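Enquirer: Could you have a look at this structure, given as structure tokens, before my questions?
The values are calculated or read from the model by the stated rules, or taken from the named source; none is laboratory data. Nothing here was measured: the structure is a model prediction, and the numbers come from that model. Quick reminder, even Gly has a Cβ in these numbers, built from the backbone with ideal geometry, and neighbours come from all protein chains shown.
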Amino acid sequence: MRREVAGQARGVWDSFRGGHAAARALAVADSRSLVRSLFLASAVRLEVLPAMRTPRPIAALVDQLRCTRPDRLVAWLSVGVELGELGCRDDRYGVRGRRARALADGDPVLHAHYRSMLDYQAGVYADLATLLRDGPDEGRPDLREHASVIAQVSLAAAPFVVPFLARVVGEVSPTAALDAGCGTGVYVRALLDADPSLEVDGVDVAPDVVADARAGLARDGLSGRAQLFVGDLRDWSAPAGRRYGLVTLLNDIYYFRESERAALYERLATMLDAGGELVLVTMARTGSIAAAHLHLMLRCQAGAASLPDAADVVADLVHAGYAVVEQQALVPTEPFVGVRARPAR
């Protein structure tokens, strides 16, 4: 036994003495985190975890997945067991880890987070050599192909944005509001909840996302107070010349070219009532790993998407004829800001 322990100690020493020991130890930790993320992302894509809330035998999982290589399935399940995300007893596999349990219960934000890792996040880094040689408007078609997942991932910010919106609605008291780039409709709902008498329009460029949002509003009996439209904000017009006491741009200004943003603010100003406000929420370009990662993904999309600096948001609004009413950090640990502005007229 002493000889085995000594041999193991010697192996550990030899594995680190030839290079940067601390960096190699960190690399091992990184690889474990990567494997966990890859396992959970693949489990989301397989849509297998909900059925595993009750432990299932391998034969049932083979049938569910129409698996023709059960040996590979067992190997994949074994990864989950070693990670602690799955448990195995009497040859039955079930969810065990906190993340796996939340995914099995259908947490939408967590589901989108892990799904996005395989769908488009990892691809930016894998294809970077090619992306660095693209033309001005070339890049990954993420926004077109993964609009629904991207919209779901953005819901992670909702707990910070919704109270901000509720306060603004209470102070401005609009009779009608426009959610410009409404996505899943989560903020349409937040506006409706903030004032039972408020009517809300929403517009988004993604037809599938708008269709899903409409269906959700209809299921909850909110269609009478909300209308959702498919359109591009750069040329979309409000129905029948309708004007709004509040227009919101939430987590979407970065999809517009930097050179187009001031003109977009000017266009939205024409839709505002006297005394109405534009509310803009966005991640700023610098200040966190998450911000830098998002900026890279945006830059690698087809088109010219990019995160703005907070100072640039204010400068563009002023250039477009607005007076900034308030600028607030919404997330304590991230450069995530909310800005209120009124046309200076």
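Enquirer: Can you name the residue in the stretch 163-202 that is in contact with a Phe, Trp or Tyr (Cβ under 9 Å, 6 or more places away or on another chain), of a type in the set (Gly, Ala, Ser) and at pLDDT 95 or above and, of all such residues, is farthest from Ser148 (Cα to Cα)?
Expert: Here the residue is Ala176.
Enquirer: May I ask you to verify whether Arg214 is charged (D, E, K, R), under 16 Å from Leu249 (Cα atoms) and assigned to a helix (DSSP H, G or I)? Step through it out loud before you land on a result.
Expert: Working: charged (D, E, K, R): yes; under 16 Å from Leu249 (Cα atoms): no; assigned to a helix (DSSP H, G or I): yes.
Spelling it out, it is not the case that Arg214 is charged (D, E, K, R), under 16 Å from Leu249 (Cα atoms) and assigned to a helix (DSSP H, G or I).
Enquirer: Return the total of residues in the stretch 265-282 being under 26 Å from Gly139 (Cα atoms) and in contact (Cβ under 8 Å) with a residue 60 or more places away in the chain.
Expert: Residues that pass the stated criteria total 1.
Enquirer: Count, please, the residues in the stretch 255-274 that happen to be of a type in the set (Gly, Ala, Ser) and touching an Asp or Glu at 6+ places or on another chain (Cβ under 6 Å). Steps first, please.
Expert: So the first thing to find is which residues in the stretch 255-274 are of a type in the set (Gly, Ala, Ser), and the list is 259, 262-263, 269, 274.
Then drop every residue that is not touching an Asp or Glu at 6+ places or on another chain (Cβ under 6 Å), which leaves 262.
Count: 1.
Enquirer: Then there's this: Could you check Ala112 against (1) touching a residue at least 24 places away in the same chain (Cβ under 8 Å); (2) surrounded by fewer than 21 Cβ atoms within 10 Å (Cβ to Cβ); (3) over 30 Å from Ala274 (Cβ atoms) and say which number it fails?
Expert: (2)
Enquirer: On to the next question. Can you tell me how many residues within the stretch 232-274 are modelled with pLDDT of 95 or more and among the small types (Gly, Ala, Ser)?
Expert: Residues flagged as modelled with pLDDT of 95 or more and among the small types (Gly, Ala, Ser) within the stretch 232-274 amount to 4.
Enquirer: Just for the stretch 185-202: of the residues that are surrounded by fewer than 24 Cβ atoms within 10 Å (Cβ to Cβ) and either within 23 Å of the chain's Cα centre (by Cα) or among the β-branched types (Val, Ile, Thr) (or both), which one is nearest to Gln152 (Cα to Cα)? Before the answer, list the steps.
Expert: Applying the first criterion (surrounded by fewer than 24 Cβ atoms within 10 Å (Cβ to Cβ)) to the stretch 185-202 yields 186, 189-190, 192-199, 201.
Keeping just the survivors that are either within 23 Å of the chain's Cα centre (by Cα) or among the β-branched types (Val, Ile, Thr) (or both) gives 186, 189-190, 192-193, 201.
Values: Val186: 10, Arg189: 15, Ala190: 16, Leu192: 20, Asp193: 20, Asp201: 20 Å.
Across the stretch 185-202, the extreme among qualifying residues is Val186.
So that you can scan it fast, the table gives a plain yes or no per residue for (1) in a strand (DSSP E or B); (2) within 25 Å of Ala238 (Cα to Cα); (3) assigned by TED's automatic domain parsing to the domain that holds Thr282:
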| site | (1), (2), (3) |
| --- | --- |
| Tyr125 | no, no, no |
| Ala129 | no, no, no |
| Leu155 | no, no, yes |
| Leu178 | yes, yes, yes |
| Ala190 | no, yes, yes |
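Enquirer: Among the candidates Tyr254, Tyr265, which residue alone is in contact with a Phe, Trp or Tyr (Cβ under 9 Å, 6 or more places away or on another chain) and either part of a helix (DSSP H, G or I) or surrounded by fewer than 18 Cβ atoms within 10 Å (Cβ to Cβ) (or both)? It would help to see each step written out before you state the result.
Expert: Values: Tyr254 fails: in contact with a Phe, Trp or Tyr (Cβ under 9 Å, 6 or more places away or on another chain).
From the options Tyr254, Tyr265, the qualifying one is Tyr265.
Enquirer: Does Phe160 satisfy being more than 17 Å from the chain's Cα centre (by Cα), on the phi < 0 side of the Ramachandran plot, surrounded by 15 or more Cβ atoms within 10 Å (Cβ to Cβ) and at pLDDT 90 or above?
Expert: Values: more than 17 Å from the chain's Cα centre (by Cα): no; on the phi < 0 side of the Ramachandran plot: yes; surrounded by 15 or more Cβ atoms within 10 Å (Cβ to Cβ): yes; at pLDDT 90 or above: yes.
The answer is no for Phe160.
Enquirer: Related question: Inspect all residues belonging to the stretch 212-219 and state whether any of them is surrounded by fewer than 22 Cβ atoms within 10 Å (Cβ to Cβ), in the same structural domain as Glu326 (by TED's automatic domain parsing), within 19 Å of the chain's Cα centre (by Cα) and under 25 Å from Val339 (Cα atoms).
Expert: no
Enquirer: Separate question: Find the residue count for the stretch 327-345, including only residues that are exposed (fewer than 14 other Cβ atoms within 10 Å of the Cβ), free of Cβ contacts under 8 Å to residues at least 24 places away in the same chain and part of a strand (DSSP E or B). Full working, then the answer.
Expert: Taking the stretch 327-345 and keeping what is exposed (fewer than 14 other Cβ atoms within 10 Å of the Cβ), we get 328, 332-333, 344-345.
Remaining after also requiring free of Cβ contacts under 8 Å to residues at least 24 places away in the same chain: 332, 344.
Of the ones still in play, those that are also part of a strand (DSSP E or B) are none.
Result for the stretch 327-345: 0.
Enquirer: Find all pairs meeting these conditions: Cβ atoms under 8 angstrom apart; at least six residues apart or on different chains; first residue within the stretch 203-215 and farther than 13 Å from Ala151 by Cα; second residue surrounded by fewer than 19 Cβ atoms within 10 Å (Cβ to Cβ).
Expert: Hits for this filter: Val203/Phe229; Val203/Val230; Val203/Gly231; Val203/Trp236; Arg214/Ser223.
Enquirer: Given (1) among the hydrophobic types (A, V, I, L, M, F, W, C); (2) farther than 18 Å from Ala158 by Cβ; (3) in contact (Cβ under 8 Å) with a residue 40 or more places away in the chain; (4) surrounded by fewer than 20 Cβ atoms within 10 Å (Cβ to Cβ), identify the lone condition not met by Ala323.
Expert: Among (1) among the hydrophobic types (A, V, I, L, M, F, W, C); (2) farther than 18 Å from Ala158 by Cβ; (3) in contact (Cβ under 8 Å) with a residue 40 or more places away in the chain; (4) surrounded by fewer than 20 Cβ atoms within 10 Å (Cβ to Cβ), Ala323 violates only (3).
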